[in-house]
Amino acid sequence: MASRNDVAVSPGSEKIGRDSARVEISGLTKRFLTPAGEVFTALEDVSFTVEPGQFCAVVGPTGCGKSTTLSMVSGLDRPSEGSVKVGGREVEGVTDGVSFMFQTDALLPWKSVLGNVLMGPVFRGVPKPQAQASARDWLRRVGLTGFEDRYPHQLSGGMRKRVAMAAALINEPKILIMDEPFGALDVQTKAIMSTELLGLWEQIRPSVIFITHDLDEAVALADRVVVMTSSPGSVKAVFDIDLPRPRGAVQEIRFQPRFIELQHQIWETLREEVERAYARTAGGTA
Amino acid sequence: MTTTSAVSTRPVKDGTPSTAADAAKRAARRRTAQVWAARVALAAVVIGGWQAFTTWGIVDPFFFGQPSGIAKRLVDLFQNGTEFGSFYANIWTTIQEALAGFALGAITGVVFGVTLGQSRFLADVLGPYIKMVNAIPRIVLGSIFIVAFGIGVLPKILLAAVLVFFIVFFNAFQGVREVDRNILANAKVLGASQTQITRHVIVPSALTWIIASLHSAFGFAIVGALVGEVLGAQSGLGLVIKTAQNNFDPNGVFATMLIISVIVLGAEWLIGKLEHRLLSWRPPAPTEANSL
Ligand SMILES: Nc1ncnc2c1ncn2[C@@H]1O[C@H](COP(=O)(O)OP(=O)(O)O)[C@@H](O)[C@H]1O
Ligand SMILES: [Mg+2]
């Protein structure tokens, strides 16, 4: 609570800004029609809330509908039942103030690093010089000054993630959704990127929904961890992570007793689901 | 005083990077020289053999032409022209028709391909008709155009355009369909409008496909122009070929063919340049990469 008072915004505007950044997911159900013509329920009655400025991690066995949930929060897809509300308003189509960071590269390979980071403001009609200045500033913040003119294929995986991060944050989103953003990175790069993400998040403080299959990452970064059941996905448990902020380097927090305790607790809940999902796929293929 | 720096920049005899680089460069030069020597040798064997066989009377030059005859005919064509104007004028007619047809076909192909690629409804409605028109043999279309539009340049341009259109259209359409879904979703979330998505995502992405199709498309534009001219014209290389054929002048046919190849190769080179400029963002192929 105390940390919220540090934000240097006038109380009135802070209230408006904060309320519009709440994400309420209630009774969310998603069904797909399989090619065979059967109805497949990917998500069943998922409900959880992300408070304004909160960092919420979602973990669950693979195929439980985490990505599907995000596509409905971002407005790219529509729920079969239930609703997603952002700032009290139901999501219909792509919502303003939401940024998405995908698991796989979503950079435009034919645009330079600067051109890629520029896209957000350009799509929103910001004049070019202003957009460029802001893109350069964001590239500096993610440590990529001097790489403006490179093409994505000329960068390492970690650098591409930084570009994607700058591109997602340049619009100063109220809500940042991330789908296993660092899943494809090696362990060291992942730790560095996570620490940097925390630093940037503390600067602009959007509400974050962060999907990961890495429980350590979830506990190290988040205020709240949502554990989902195996398919059809629903919410199994929600854990509040009371590790103090700012947390500093994620590599070090792993050794704190409280971290280990929480990690262990959540793993006990998650393990059963992971095993069930595994048994199902293993049985299905056998 | 400058000796030290001069020494350090000059390649040192053994085991230094610069000698390795020199050796690599020498090897590359040697390879280029070998390739060119083999090319020249091959041409000499084919042309020399042709010349020899026709001179010795094993092959009849009356039917199959003769390299020396082709060369003479070529000079003659350039100096004395044809019955229907100078050779240059005829070349220019064909180039104009091919270029206009190419531009028309490529532009409509891209516009239709990009539009239909993005609209499932339009693609479903127009798909069968496009396939039907595509199934018509093009020569028949040429006859129809000549009947409808006379023997001026217009029917040739249209025939060339139709040939080019289908190649470019199918490639542009496929290119749009292959756009990375992730990139598309990302642009949408960033707030792009439909026009912005087309301009910043779809067209650049489909460009790889479109440009690849342009390479073969120019060849087809020339074919369209030539076939149109053979079917009926007052000027153009197709007419020159047809006349030579009617006069039992194989050397004239070969001489004109040679000019046509030069035109197509020139166009190919220009399209290669364009490709290089527009697709400069692509990672180089392993052989082009500047590693040793
Ligand atoms: N467009 C779709 N059509 C049919 N099934 C889908 C579609 N998208 C996802 N699914 C299915 O929904 C389930 C959940 O997928 P997803 O949300 O990607 O899982 P996660 O991200 O948790 O690994 C999977 O079984 C997947 O096969
Ligand atoms: Mg997923």
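Output the residues belonging to segment B:210-239 that are open to solvent by 10 Å² or more (accessible area, probe 1.4 Å) and either in contact with a strand residue (DSSP E or B) (Cβ under 7 Å, 6 or more places away or on another chain) or acidic (Asp, Glu) (or both). Within segment B:210-239, B:SER235 is the sole residue that qualifies.
Would you confirm whether any residue within segment A:235-248 is open to solvent by 70 Å² or more (accessible area, probe 1.4 Å) and more than 30 Å from A:SER26 (Cβ to Cβ)? Checked against the condition, which is being open to solvent by 70 Å² or more (accessible area, probe 1.4 Å) and more than 30 Å from A:SER26 (Cβ to Cβ), segment A:235-248 yields at least one hit.
Among residues of segment A:201-213 that are more than 14 Å from A:MET228 (Cα to Cα), those with a Cβ under 8 angstrom from a residue that is within 13 Å of ligand 1 (Cβ to nearest atom) and among the aliphatic types (A, V, I, L, M), sequence gap 6+ or separate chain, pair up as A:VAL208/A:ILE177; A:VAL208/A:MET178.
Yes or no, residue by residue, for (1) open to solvent by 50 Å² or more (accessible area, probe 1.4 Å); (2) farther than 17 Å from A:ASP137 by Cβ:
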position: A:SER156; (1), (2): yes, yes
position: A:VAL163; (1), (2): no, no
position: A:ALA167; (1), (2): no, no
position: A:ASN171; (1), (2): no, no
position: A:ASP179; (1), (2): no, yes
position: A:LYS190; (1), (2): no, yes
position: A:SER194; (1), (2): no, yes
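Whenever a residue of segment A:126-144 is under 18 Å from A:SER156 (Cβ atoms), its partners that are open to solvent by 70 Å² or more (accessible area, probe 1.4 Å), lying with C-beta atoms within less than 7 angstrom and at least six residues away or across chains, give the pairs A:LEU139/A:THR145.
Scanning segment A:17-34 for residues that are away from ligand 2 (no atom under 16 Å from the Cβ), open to solvent by 30 Å² or more (accessible area, probe 1.4 Å) and either at pLDDT 90 or above or over 16 Å from A:VAL50 (Cβ atoms) (or both) yields A:ARG22, A:GLU24, A:SER26, A:ARG31, A:LEU33, A:THR34. With respect to being near ligand 1 (Cβ under 10 Å from one of its atoms), of a type in the set (S, T, N, Q) and over 16 Å from the mean Cα position of the chain (by Cα), A:THR68 falls outside the description. Among the numbered conditions (1) under 19 Å from A:GLY60 (Cα atoms); (2) more than 14 Å from ligand 1 (Cβ to nearest atom); (3) loosely packed, with under 15 Cβ neighbours inside 10 Å; (4) touching a residue at least 40 places away in the same chain (Cβ under 8 Å), the only one that A:VAL219 does not meet is (3). If you go through segment A:200-240 and pick out every residue that is within 15 Å of the chain's Cα centre (by Cα) and not hydrophobic (A, V, I, L, M, F, W, C), you end up with 10.
Of all residues being small (Gly, Ala, Ser) and in a helix (DSSP H, G or I) in segment B:146-204, which is most open to solvent (accessible area, probe 1.4 Å)? Just the residue, please. Top of the filtered list is B:ALA148.
When you scan segment A:179-226, how many residues do you find that are assigned to a helix (DSSP H, G or I) and charged (D, E, K, R)? The total comes to 5.
Scanning segment B:62-72 for residues that are open to solvent by 50 Å² or more (accessible area, probe 1.4 Å) and touching a Ser or Thr at 6+ places or on another chain (Cβ under 9 Å) turns up just one, B:PHE64.
The values are calculated or read from the model by the stated rules, or taken from the named source; none is laboratory data. These numbers come from a predicted model, not from an experiment. Using ideal geometry, Cβ is built from the backbone for each residue, glycine included, and neighbour counts are taken over all protein chains shown. Each accessible area value is taken on the protein alone, full model and side chains, heavy atoms only, with ligands, DNA and RNA left out. Shrake-Rupley method; radii C 1.70, N 1.55, O 1.52, S 1.80 Å.
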